[in-house]
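Presented below is the structure to which this report refers.
The values are calculated or read from the model by the stated rules, or taken from the named source; none is laboratory data. Because the structure is a prediction, the values reported are computed rather than measured. Reconstructed Cβ throughout: ideal geometry from the backbone, glycine too, with neighbour counts over all protein chains shown.
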Amino acid sequence: MLGNPGFVGVNYSPSVAPVLKRYKDFFKSEVGGYWTDGVNGEIIEEPVGLDRKSEVTWLVFQLMELNKNTDYSVIVFVGHGGAYLGNDQVQLSRGEVLPLSCLQAPLGMEDKIKRTIIVDACRSLIGAAPQQLVLEEKAFSGEGQLMGSYCRDYYNKVIEDCEPHVELLQSTKYGEFAKINPNHTGTAFSDALFDTFDKKVPHWNQEALGDRCGQLNKGIIDFLSDVQKGMVTYNQVPEYSRYGGNGNFPLYAVWRAVDRRL
């Protein structure tokens with residue numbers, strides 16, 4: 001989980017942290033992979049108190065560990081970004097600007113890395129992208145009706161069946177700003193993405209009951225058009241790219257107990 005709210009008096013956005021929390025709550029939910037946090041958890045957040053140099057060092061180390069020791073990873077960046085000479089950039093919280101490509105698979109490892117990257121940031125030459133929102137994990141699980149361990153096992157099985165590749169979801173097209181909502185409480189992208197989840201997940205949870213095994217998963221491509229529709233009034237279009245093998249990584253996956261009568 002990476003975020004950059006900017007600097008007070010320059011481009012500060014107090015809502016970056018709440019938006020990151022919303023992503024975190026989704027991924028911790030039963031249908032979002034049932035990822036764990038805490039000291040020995042799977043969700044990694046930037047330590048407080050890092051200066052500009054140590055922040056870069058920390059990120060480089062984390063990426064090396066992900067590339068070397070993980071079967072699958074999700075990287076979420078919320079904050080400030082831009083584009084320069086055809087290349088997308090993200091700005092870390094202490095001000096360092098890095099190419100977005102540094103979050104993708106390193107050269108020579110394209111056929112080994114399984115990763116989803118979500119970037120909610122501007123792709124203009126200069127821009128800012130404040131965002132917001134808070135969401136409890138229970139909102140996606142139907143008030144505890146789902147078995148998290150079963151959903152997690154299914155989520156991991158879907159990933160295992162995919163060939164190594166990287167999926168990248170960006171909040172806007174190249175050269176465009178990432179816009180905020182009228183209340184300055186979120187971005188067009190984050191609002192549309194989680195509004196889509198809010199509407200679709202209860203239906204998907206029920207739809208899974210119609211499957212012989214009670215299983216259902218959805219990847220970015222399955223709901224991207226709904227997210228696009230939610231951003232029409234902003235005249236902003238998200239962009240999805242993939243690099244490498246077959247299969248679609250799940251953002252949503254559920255395995256429900258199904259009663260069968262003979």
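State the number of residues belonging to the range 109-128 that are at pLDDT 85 or above and surrounded by fewer than 18 Cβ atoms within 10 Å (Cβ to Cβ).
Summing the residues that are at pLDDT 85 or above and surrounded by fewer than 18 Cβ atoms within 10 Å (Cβ to Cβ) in the range 109-128 gives 4.
Listed here are the residues, each with its yes/no results for (1) farther than 23 Å from residue 152 by Cβ; (2) over 18 Å from the mean Cα position of the chain (by Cα); (3) small (Gly, Ala, Ser).
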| position | (1), (2), (3) |
| --- | --- |
| 167 | no, no, no |
| 171 | yes, no, yes |
| 192 | yes, no, yes |
| 219 | no, no, yes |
| 223 | no, no, no |
| 235 | yes, yes, no |
| 253 | no, no, yes |
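From the list 210, 244, which one is modelled with pLDDT under 95, of a type outside the set (Val, Ile, Thr) and at positive phi?
Working: 210 fails: at positive phi.
Just a single option satisfies the conditions, and that option is 244.
Scan the range 182-217 for residues that are buried (at least 19 other Cβ atoms within 10 Å of the Cβ) and either under 30 Å from residue 12 (Cα atoms) or touching a Pro at 6+ places or on another chain (Cβ under 9 Å) (or both) and jot them down. Reasoning before the result, please.
We begin by selecting, within the range 182-217, every residue buried (at least 19 other Cβ atoms within 10 Å of the Cβ); these are 186-194, 197, 201, 204-205, 208, 216-217.
Selection gives 186, 187, 188, 189, 190, 191, 192, 193, 194, 197, 217.
I'm trying to understand the selection: among the residues of the range 85-96, which are free of Cβ contacts under 8 Å to residues at least 12 places away in the same chain and hydrophobic (A, V, I, L, M, F, W, C)?
Once the filter is applied, which keeps residues that are free of Cβ contacts under 8 Å to residues at least 12 places away in the same chain and hydrophobic (A, V, I, L, M, F, W, C), the range 85-96 yields only 85.
Please work out if residue 86 is at pLDDT 85 or above, at positive phi and not basic (Lys, Arg).
On the way: at pLDDT 85 or above: no; at positive phi: yes; not basic (Lys, Arg): yes.
It is false that residue 86 is at pLDDT 85 or above, at positive phi and not basic (Lys, Arg).
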